[in-house]
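What follows is a set of notes on a single structure, which appears directly below.
The values are calculated or read from the model by the stated rules, or taken from the named source; none is laboratory data. Since the structure is predicted, the reported quantities are computational estimates derived from the model, not experimental observations. So basically every Cβ, Gly included, is an ideal-geometry build from the backbone, and we count neighbours across all protein chains shown. Just the protein is used for accessible areas: all its heavy atoms, side chains included, with ligands, DNA and RNA removed. Shrake-Rupley method; radii C 1.70, N 1.55, O 1.52, S 1.80 Å.
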Amino acid sequence: MGRVNASTPATPADDPARAAFAALRTPEGEHLLAELRDHDPAEELATATRLRRTHPAELVSAALGQARLRQRAVAKFGAEDAYRMYFTPNGVEQATRTSVATHRAARLAALGVRSVADLCCGIGGDAIALARAGIAVLAVDRDPLTAEVARANAEALGLAALIEVRCADVTEIDTSPYDAVFVDPARRGGRGRIFDPEAYSPPLSWATAAALKAPRAALKIAPGIPHEAIGPEAEAEWISDGGDVKEAVLWYGDGFAPGSFRATLLPSGATLTAPAPLPAPPVGPVGRYLYEPDGAVIRAHLVADIVERCGGRLVDETIAYITSDEPYSSPYVAGYEITDRLPFGLKKLKALLRERGVGVLTVKKRGSAVEPEELRRRMKLSGPNSATVFLTRVAGAPTMLIGHPLG
């Protein structure tokens, strides 16, 4: 992701990383990468030794490193794209996965956006999704190697006509000619993940100001951002993919709902919205059914909306488990039928599981310090049946709820 306060960039010849990347794009480098597509990392030493007999050692090292990054990137980009693209270690770590970037690009395209200034473009994951949605992109990153990688990715995927890559300080870019602005500040530093939004690079305050100047804007942020750090001008959306919360995005401008909250679940695209948080939901005894909200729903503070929809209640005022006496089906929750409720105690749980012949146990927890793997190990499971145990608090008391998934 892009950083501000750029210094004068070195030339490729002066920068070993850029020189190594340039070598990868030669016919010899491309041939090596093709050969390494399915290589086994466990055999890397033997592979390196063999390849160095016919190729320069520096090129072999660069190709092996890039092959590792491509294998890691498959989870985010899919094999078809990942094995044509180029990556940096930070680029793989911080890039938006294709499903999320595609969802975001689709929202902008649906509003008629035809040009976007992508500030802090990284290796180009979002620029690629925008271009595939028919949007012309100015992709900006201040790091010379990262900008070269983004340019190479646009070319490799046949999108160079729609993506202009510029190596520059994002704070110096005139975004007025563009229909929308997208900002993805760097949220990692030398010591790892950055949690203070004002320590992002560029800071959240600068990114927000840039967003408010544009007709429309999207600002990618960490999903754990405190709600009080979100200004009233933004529509805030939390996005999960396959049940895992991946990111949050703040939307500004025409076509969005300032002050509202949204949870979107991928790959289905199901979206739950609320103009403002509802009052705290009721708390009550555990009923026959238990519902586990998707993480995006929890992050968006929309649990109360689910409670209202299903006519249920929370099991504890601090725990995002919902219970009801009647079954409820929704894409925003996973439902379970509860068969047993016990005060927390591993001996009691072990005896019950043995009595039920449970050999496969799914462990879920909220408000409990017990590690699922350690619990499964201590249960010494055996038998043909399966069960789910929830380690949680009910009305403040450590409790075990045993049941099985609905449907």
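Hey, how many Å between the Cα centroid of the range 141-176 and the Cα centroid of the range 333-398?
51 Å
Among Ala210, Thr175, His227, flag the residue with its Cα farthest along the positive direction of the charge dipole of the range 163-238, charges on Cβ as +1 for Lys/Arg and -1 for Asp/Glu.
It is His227, whose Cα lies furthest towards the positive end.
Over the chain, what relative contact order in percent results from Cα pairs under 8 Å that are six or more residues apart?
10 percent
In nm, what is the difference between 0.36 nm times the number of residues separating Ser386 and Glu35 and their Cα-Cα distance?
121.9 nm
Under 8 Å for C-alpha pairs, at least 6 residues apart: give me the relative contact order for the range 14-83, rounded to a whole percent.
This gives 34 percent for the range 14-83.
Would you work out what percent of the accessible area of the range 287-403, with all protein chains in place, is carbon or sulfur (probe 1.4 Å)?
In the range 287-403, the share of accessible area belonging to carbon and sulfur is 48 percent.
Applying a 10 Å radius around every beta-carbon, put 298-309, 57-68 in order of their mean neighbour count, most first.
298-309, 57-68
Between beta-carbons, use under 10 Å as the cut-off and find the net charge around Ala300, counting Lys and Arg +1, Asp and Glu -1.
Result for the local shell: -1.
Could you look at the range 14-83 and say what percent of its accessible area is carbon and sulfur, using a 1.4 Å probe and all protein chains?
Using a 1.4 Å probe with all protein chains present, the range 14-83 comes out at 54 percent carbon and sulfur.
Among [x] 68, 56, 34; [y] 71, 53, 44; [z] 64, 63, 39, find the value of Cα extents along the principal axes in Å that was calculated from the structure presented, and write down its label.
Correct label is [x].
Can you give the Rg/Rh ratio of the range 90-272, where Rg is from the C-alpha atoms and Rh is the Kirkwood radius?
Rg divided by Rh gives 0.93.
Output the relative contact order of the range 291-407, whole-number percent, from Cα pairs under 8 angstrom with separation of 6+ residues.
Value for the range 291-407: 28 percent.
Can you tell me what percent of all Cα-Cα pairs in the range 287-403 are more than 25 Å apart?
Across the range 287-403, Cα pairs with separations above 25 Å total 22 percent.
Roughly what % of Cα-Cα distances in the range 14-83 sit above 16 Å, to the whole percent?
Tail of the P(r) past 16 Å holds 45 percent of the pairs.
Between Arg341 and Arg72, how high is the FRET efficiency from 1/(1 + (r/R0)^6) when r is the Cβ-Cβ distance and R₀ = 51 Å? Nearest 0.05.
Between Arg341 and Arg72 the formula returns 0.75.
Any lysines with Cα under 23 Å of the Lys348 Cα? List them, leaving off those in the same chain fewer than 8 positions away.
Correct list for Lys348: Lys364, Lys365, Lys380.
Rank by packing, highest mean first: peptides 217-223, 239-245, with packing defined as the count of other Cβ atoms within 10 Å averaged across residues.
217-223, 239-245
Any idea what diffusion coefficient the range 340-407 gets from Stokes-Einstein, in µm²/s, Kirkwood Rh on alpha carbon pairs, 4 °C, 1.567 mPa s?
Stokes-Einstein gives a translational diffusion coefficient of 108 µm²/s.
In the chain, what % of DSSP beta bridges are antiparallel (nearest 5)?
So the antiparallel bridges in the chain amount to around 60 percent.
Toward the positive end of the charge dipole of the range 297-338, about the Cα centre and with charges on Cβ (Lys, Arg +1; Asp, Glu -1), which of Ala300, Val315, Tyr328 goes farthest?
Result: Ala300, furthest along the dipole toward the positive end.
Evaluate the charge dipole of the chain about its Cα centre and quote only its size in Debye, nearest 20, assuming +1 on the Cβ of each Lys and Arg and -1 on the Cβ of each Asp and Glu.
For the chain, the charge dipole is close to 1480 debye.
Tally Lys and Arg at +1 and Asp and Glu at -1 over the other residues with C-beta under 12 Å from the C-beta of Pro327: what net charge comes out?
Net of charged neighbours comes to -2.
Using the Karplus equation 6.51 cos²θ - 1.76 cosθ + 1.60 (θ = phi - 60°), what ³J(HN,Hα) coupling, rounded to whole Hz, does each residue of the range 337-343 give in order, writing x for Gly and Pro?
So the Karplus estimates, Gly and Pro as x, are 9, 8, 9, 9, 10, 9, x Hz.
Between Thr49 and Arg193, what's the calculated FRET efficiency when r is the beta-carbon distance and R0 is 35 Å? Round to 0.05.
0.45
Less than 12 Å Cβ to Cβ from Ser115, Lys/Arg counted +1 and Asp/Glu -1: what total charge do the surrounding residues give?
-1
How large a share of the accessible area of the range 90-272, in percent, is made up of carbon and sulfur atoms when the probe is 1.4 Å and the other protein chains stay in place?
C and S atoms contribute 50 percent here.
Accessible area per residue of the chain at 1.4 Å probe, in Å²?
Counting only protein heavy atoms, the per-residue value for the chain is 45 Å².
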